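Structure first, commentary second.
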């Protein structure tokens, strides 16, 4: 601040105070002008701090701009006039050529002060605007992360209830199978816990998980449901959001008849860069009203990673969902 005051004082000295007839020290003029500059500058800094507490650049831009102009202008004009006149009187009171003292610099000083204020105000506004963009982006990121975490916690509570019911029956019928069932059930929940904070998984990992899930379904429905999985090895290196397959298989069971009299065949395969889950439509006798929440959640999850859309196709006899395969994690 002092350095800026010295620079400004030198500018004024050579532009406005170089006339003949000034008899006091060059350095006194420099010190005097520097002192005036520092006082005005520091005063405006304090005004900025006070205004920051009362008017936000981000949320009250118009009020802040108006207050900044009015308060800073009044302060700057008043202080410059009084300080320059006071310093001029002290330094030049014994001179006959008073008009050649510091008074001639009043108008130029006000003009330059307003130029500096304009630059300072513009700088503050730009910084506040840039900060607002950063805050908005940060908010979007935090919101998206929170939303993603909520979307990933979609393992239906009924799934646990149904499997505990199956387990209670197995305990009395076949203890070895019950032990194996518990092992597979634990692997399903271990996958859920291990990937709670994972954004994407490989198709291969998801297939390993779905095999455990399919085992539980085979015990529960016996021959009432079967799966055909055909995914080439090269496609298994692609990525997708975790538990998408599980959610779609669960959706299939929820909306179709699953019985040994009318087995449900679920096909999982790839076509181009899509992973497709397909099943014949076997409407349940106790028709379930679909909220389509599961599919909407999957669509929202994909929105975070790719512009490719989840494609839902329903014909008279076949229902299928195509999930885009993501190349990079």
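What number of residues in the stretch 221-248 are closer than 22 Å to residue 168 by Cα and buried (at least 18 other Cβ atoms within 10 Å of the Cβ)? Steps first, answer last, please.
Filtering the stretch 221-248 for residues closer than 22 Å to residue 168 by Cα gives 221-225.
Now narrow it down to the ones that are buried (at least 18 other Cβ atoms within 10 Å of the Cβ): 225.
Here the count works out to 1.
If you check every pair at least six apart or on different chains, which have Cβ atoms under 6 Å apart with a residue in the stretch 188-215 that is surrounded by fewer than 17 Cβ atoms within 10 Å (Cβ to Cβ) first and a residue that is assigned to a helix (DSSP H, G or I) and modelled with pLDDT under 95 second?
Within 6 Å, the pairs are 204/236.
Answer with yes or no whether residue 185 is within 39 Å of the chain's Cα centre (by Cα) and surrounded by 16 or more Cβ atoms within 10 Å (Cβ to Cβ). Give the derivation first.
Working: within 39 Å of the chain's Cα centre (by Cα): yes; surrounded by 16 or more Cβ atoms within 10 Å (Cβ to Cβ): yes.
Yes; evaluated as a whole, the condition is true for this residue.
Can you name every one of the strands (runs of 3 or more DSSP E) wholly within the stretch 219-322 that holds 2 or more residues which are within 29 Å of residue 181 (Cβ to Cβ) and at pLDDT 85 or above? Explain how you work it out, then say what you get.
Numbers: elements: 225-230, 264-271, 274-280, 311-314.
The strands (runs of 3 or more DSSP E) meeting that bar are 225-230, 264-271, 274-280.
Taking residue 227 as the residue in question, decide whether it is in the same structural domain as residue 168 (by TED's automatic domain parsing) and in contact with a strand residue (DSSP E or B) (Cβ under 6 Å, 6 or more places away or on another chain). Working first, answer last.
Details: in the same structural domain as residue 168 (by TED's automatic domain parsing): yes; in contact with a strand residue (DSSP E or B) (Cβ under 6 Å, 6 or more places away or on another chain): yes.
Against the criterion (in the same structural domain as residue 168 (by TED's automatic domain parsing) and in contact with a strand residue (DSSP E or B) (Cβ under 6 Å, 6 or more places away or on another chain)), residue 227 qualifies.
Out of all the residues in the stretch 230-243, is one or more in the same structural domain as residue 160 (by TED's automatic domain parsing), under 23 Å from residue 163 (Cα atoms) and touching a helix residue (DSSP H, G or I) at 6+ places or on another chain (Cβ under 9 Å)? Break it down into steps so the answer makes sense when it comes.
Kept after step one, since they are in the same structural domain as residue 160 (by TED's automatic domain parsing), are these residues of the stretch 230-243: 230-243.
Now drop any that are not under 23 Å from residue 163 (Cα atoms), which leaves 242-243.
Now drop any that are not touching a helix residue (DSSP H, G or I) at 6+ places or on another chain (Cβ under 9 Å), which leaves 242-243.
Within the stretch 230-243, one or more residues are in the same structural domain as residue 160 (by TED's automatic domain parsing), under 23 Å from residue 163 (Cα atoms) and touching a helix residue (DSSP H, G or I) at 6+ places or on another chain (Cβ under 9 Å).
Identify the single condition in (1) modelled with pLDDT under 90; (2) closer than 22 Å to residue 321 by Cα; (3) within 33 Å of the chain's Cα centre (by Cα) that residue 196 does not satisfy, given that it satisfies every other one.
(2)
Scan 121, 145 and give me the residue that is in contact with a helix residue (DSSP H, G or I) (Cβ under 8 Å, 6 or more places away or on another chain), assigned by TED's automatic domain parsing to the domain that holds residue 41, part of a helix (DSSP H, G or I) and at pLDDT below 75. Steps first, please.
Working: 145 fails: in contact with a helix residue (DSSP H, G or I) (Cβ under 8 Å, 6 or more places away or on another chain).
So the residue among 121, 145 that is in contact with a helix residue (DSSP H, G or I) (Cβ under 8 Å, 6 or more places away or on another chain), assigned by TED's automatic domain parsing to the domain that holds residue 41, part of a helix (DSSP H, G or I) and at pLDDT below 75 is 121.
The values are calculated or read from the model by the stated rules, or taken from the named source; none is laboratory data. Keep in mind that this is a model prediction, so the values were computed, not measured. Glycine gets a Cβ as well: all are built from the backbone with ideal geometry, and neighbour counts include every protein chain shown.
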